[in-house]
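The values are calculated or read from the model by the stated rules, or taken from the named source; none is laboratory data. Predicted model only: the values in this text are computed from it and were never measured. Quick reminder, even Gly has a Cβ in these numbers, built from the backbone with ideal geometry, and neighbours come from all protein chains shown. Side chains included, ligands, DNA and RNA excluded: accessible areas come from the protein's heavy atoms. Shrake-Rupley method; radii C 1.70, N 1.55, O 1.52, S 1.80 Å.
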Amino acid sequence: MKTVNHWIGGKTVEGASGNWGPVTDPATGEVTTEVALASVEEVDAAVAAAKEAYETWGTSSLAQRTAVLFRYRALLDARRDDIAALITAEHGKVHSDALGEVARGLEIVELACGITTQLKGELSTQVSSRVDVASIRQPLGVVAGITPFNFPAMVPMWMFPLAIACGNTFVLKPSEKDPSAANLLAELAAEAGLPDGVLNVVHGDKVAVDALLAHPDVAAVSFVGSTPIARYIHTTASANGKRVQALGGAKNHMLVLPDADLDAAADAAVSAAYGSAGERCMAISAVVAVGHIADELVEKIRERAEKIKIGPGNDPTSEMGPLITKAHRDKVASYVTGAAAQGAEVVLDGTGHTVDGFEDGHWIGLSLLDKVSTDSDAYRDEIFGPVLCVLRTETYEEGVALINASPFGNGTAVFTRDGGAARRFQLEVQAGMVGVNVPIPVPVGYHSFGGWKDSLFGDHHIYGNDGVHFYTRGKVVTTRWPDPSEGHLGVDLGFPRNH
């Protein structure tokens, strides 16, 4: 059986804790791999390697860093099929979706390649006689990332390339459910010339997480995952004096106004709700249909959803793969049956879906729930699976009020032909990312990703300008150089004269 070990100090380090976790092929249900689960001592070793590497990497030139990142980008591009294959084998998503994940991660590598402009400071000359003031940004030191199972390559690439471009060293703790992609990312970074210890990967469970949150040499922690864990990460790491960005869960709404192109809205709803089997924090999980168009919209969504082909991720004809684990599959299914008991109309029930020849896989079909109440569990909870809820309101105002009442504020979208309504929506809705006729408004790399309310804990969004600011700290330097012809000025205990 394949084993996945740690990557520390530029080389593979075999797990020494004696604890191993199973990695399953979601399409077959078979355990294919064992992953080492780190002890506190192994986390300490990774942090120590990063701390030692920071002594030189933190003062390295921007030219040196960007040269490595340009080579890294080329290697990632050349090996994108290999990375995607690992994602499909352990996560289950179809190969085309996995390739898209790698492409979105590459955007941040490309952003990091341009770090020379992102780190430019500011200078004011002659603020007083022969006095200049400069603002600069410097790295933090050792930083850590804790990443989720649903994007095992993209989310790590949202973190460490920018962090190391800013001069930090990095310890990555990926999900133990699909760990192999993280190791390949680290190996390719070493091949690109990244010095030993700048990027380290430790696999593990809560023991490893808590060790990173408490470690005195870790200056900052980035996290993406569920809201309860994001809150815990933020509270614990902050209490230990660390800078934290913790991105939590979501319940993303798509408001469809009566004037919308319903075919386009239905296409978008199916793509955004069921892509990646719904296992993404930017999935549309609630459609809010305004006015008389609800019946027609639901029917159009149903027609499209019934045609989606579900199968193994390595089958090029598959459009949706299995869920990550059997336990998660069963939990998602429980929301569909529970919604019916709580008054929803089950238009499509995917809970009994199987795939011939892969009967032991973690399969579930597409479910569509209509006339869902805001009090139901299917609406209130982040299901993280291929379940789409439809809610109905009579007016735009009721729809926006419904969205804003949600404790989540990650992403949202409006479908309309009315520019005035769209403009009003983007100003009134309480969410961090807004799409106008765009169902999944994930920002490009040079803008920042992050939500509001219970979807984000901490002051910084991820990547973009916020990412650069998160991985650096500002310093202001005031200098005065006497003119060669100027003699000694003597002691002056007053405030500096600025005029």
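A few remarks follow.
- Selection from the range 13-24 of residues that are within 26 Å of the chain's Cα centre (by Cα) and open to solvent by 40 Å² or more (accessible area, probe 1.4 Å): 20, 22
- Of the set (1) within 13 Å of residue 323 (Cα to Cα); (2) at pLDDT below 95; (3) not aromatic (Phe, Trp, Tyr), all apply to residue 360 but (2).
- Qualifying residue in the range 308-329 (condition: of a type in the set (D, E, K, R), more than 26 Å from residue 83 (Cβ to Cβ) and surrounded by fewer than 17 Cβ atoms within 10 Å (Cβ to Cβ)): no
- Positions within the range 187-217 being out of contact with any Lys or Arg (no Cβ under 8 Å at 6 or more places or on another chain), farther than 25 Å from residue 70 by Cα and not hydrophobic (A, V, I, L, M, F, W, C), in sequence order: 205, 206, 210, 215, 216
- Evaluation of residue 227 against (1) open to solvent by 60 Å² or more (accessible area, probe 1.4 Å); (2) farther than 18 Å from residue 470 by Cα; (3) of a type outside the set (Phe, Trp, Tyr); (4) touching a residue at least 60 places away in the same chain (Cβ under 8 Å) (one fails), failing number: (1)
- Looking only at residues in the range 462-479 that are open to solvent by 50 Å² or more (accessible area, probe 1.4 Å) and in a helix (DSSP H, G or I), the one that is nearest to residue 128 (Cα to Cα) is 469.
- Subset of the range 121-137 [surrounded by 15 or more Cβ atoms within 10 Å (Cβ to Cβ) and either outside any strand (DSSP E or B) or within 40 Å of the chain's Cα centre (by Cα) (or both)]: 133, 136, 137
- Hey, residue 494 more than 16 Å from the chain's Cα centre (by Cα), open to solvent by 40 Å² or more (accessible area, probe 1.4 Å) and at pLDDT 95 or above or not: no
- Condition met for residue 42 (assigned to a strand (DSSP E or B), buried (at least 16 other Cβ atoms within 10 Å of the Cβ) and not basic (Lys, Arg)): no
Yes/no per residue for (1) more than 17 Å from the chain's Cα centre (by Cα); (2) closer than 24 Å to residue 136 by Cα:
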site	(1), (2)
433	no, no
436	yes, no
454	no, no
468	no, yes
473	yes, yes
